[in-house]
Amino acid sequence: MKKFLLLFLLHFTVLFVHAQISVGLRGGYNVSAMKFESASGQKSGGLCSGNQLKNLHADLVINVPVYGGLYIQPIFRYITKGTSFESAGHQQNGFSNGEAGNRIQVHYIEMPFNLLYKFQLPGFKLAVGGGPYAAYGLNGVYKADVLQNGSIVSHNNRALSFDHTDNVVTPGMYLNRWDAGLNTTVGFELNNLIMIGLNYSIGMVDLDNSVDYKVKNSYAGISIGILFNREDY
């Protein structure tokens, strides 16, 4: 059994090394939000809540053919995720003086690892698939509005913490640097090497290391870019 597994791994490695891969660069626009769940089970936020944070991302895309139209597609992505509190507004929350949260922004290096199937259509390929992703938080910022008599008079920007100390977002909250979850994607590869991608990712990891809240990322994005080569040429 061990010899069979070793031969299988060796065969797969040889196929991978000698496979003709394609590489490309993309840039795009994403809408993200954090979903909050308190210890009592009260939920808020999320992509459908109106608390979306709008930002940009950049991708290095690699396509590795496996068999027929089946592909492995690792992506190296720089992305800003987080959430906005603007729709919750200081007036709605009853604030008149002090601070009201405006937004949380966290910069990640993220790697989706997708399994795709590419359908050859006239003039382009349609790629559909998904898989897991893992992300590492580089840094982040919490932005708050300073209020006086219900009006915004200034803004405060504070660096987010990734350790076991109290976070600036709320007392007792500190963020997990690592994020992970599931990614789904639909892509179009035109014969002129232009590629267009749509994706939706949902976080499975609780970003708040305290016991008071569960916080999870989610985002949807669209991107456009160019392949430097085609793996089927």
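The values are calculated or read from the model by the stated rules, or taken from the named source; none is laboratory data. If you're wondering where the values come from, they're calculated on a predicted model, not measured in any experiment. Heads up, the Cβs are rebuilt from the backbone with ideal geometry, glycines too, and the neighbour counts pull from every protein chain shown.
Being surrounded by fewer than 15 Cβ atoms within 10 Å (Cβ to Cβ) and hydrophobic (A, V, I, L, M, F, W, C) is the filter here; which residues of region 34-59 pass it?
Passing the criteria: 39, 48, 56, 58.
Restricting the first residue to region 58-77 and requiring it to be closer than 25 Å to residue 29 by Cβ, which pairs with a second residue that is among the acidic types (Asp, Glu) and in a strand (DSSP E or B) meet a Cβ separation below 6 Å and a spacing of at least six or different chains?
Sorted first by the residue in region 58-77, then by its partner, the pairs are 75/59; 77/59; 77/110.
Consider residue 82 carefully, then state whether it is over 24 Å from the mean Cα position of the chain (by Cα) and modelled with pLDDT of 85 or more. Full working, then the answer.
Numbers: over 24 Å from the mean Cα position of the chain (by Cα): no; modelled with pLDDT of 85 or more: yes.
No, not satisfied.
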